[in-house]
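Let me begin by presenting the structure, written as structure tokens, before commenting on it.
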Amino acid sequence: LGMGTVLEQSGDKLVEKGSGSALCRMNFWQYTITKIEIDKRLPNNPIGEEIALYKAELKKNVDASGKQLLNGKHLQSKLSSKVANMLFRELTRAIATARS
């Protein structure tokens, strides 16, 4: 789905970079900023509630001075990753139910 990462080593440095489809990553990013980050646009169901709780947990992470640790693209990336994992979870549930 474009949300995978690979580790690349350059000299003494080990860097985690995004891999997979750039088009899928862009779509997830757009979905995240237009549907997930805006509270009023989340669906009113258990999945929407799970996303809202996860988003609240991420925003609670603050340093000693009270500054939010995750914001901007890092927060969007974490939310996109969560949505991708939830999508996979629901897909596997649907496949398992269809086989039953």
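Below is a table of values for the structure above.
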| quantity | calculated |
| --- | --- |
| Probe 1.4 Å, protein heavy atoms only - accessible area per residue of the chain in square angstrom | 74 Å² |
| Size descriptor, Kirkwood hydrodynamic radius, that averages inverse alpha-carbon separations across the stretch 4-65, Å | 14.4 Å |
| Contour excess over end-to-end distance, with Cα ends at ILE33 and THR92 and 0.36 nm allotted per residue | 18.7 nm |
| Candidate lysines - alpha carbon under 25 Å from LYS40, same-chain residues fewer than 8 apart omitted | LYS55, LYS59, LYS60, LYS67, LYS73, LYS78, LYS82 |
| Whole-Hz couplings from phi, Karplus 6.51/-1.76/1.60, listed for the stretch 20-26; x for Gly and Pro | x, 6, 5, 5, 5, 4, 5 |
| Candidates GLY66, GLY18, GLY48: whichever shows maximal mean-square fluctuation once the chain is modelled as a Gaussian network with Cα springs under 10 Å | GLY66 |
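The values are calculated or read from the model by the stated rules, or taken from the named source; none is laboratory data. Everything quoted here is computed from the prediction, not taken from an experiment. The protein model used for the area step is the full one, side chains on, heavy atoms only, and it has no ligands, DNA or RNA in it. Shrake-Rupley method; radii C 1.70, N 1.55, O 1.52, S 1.80 Å.
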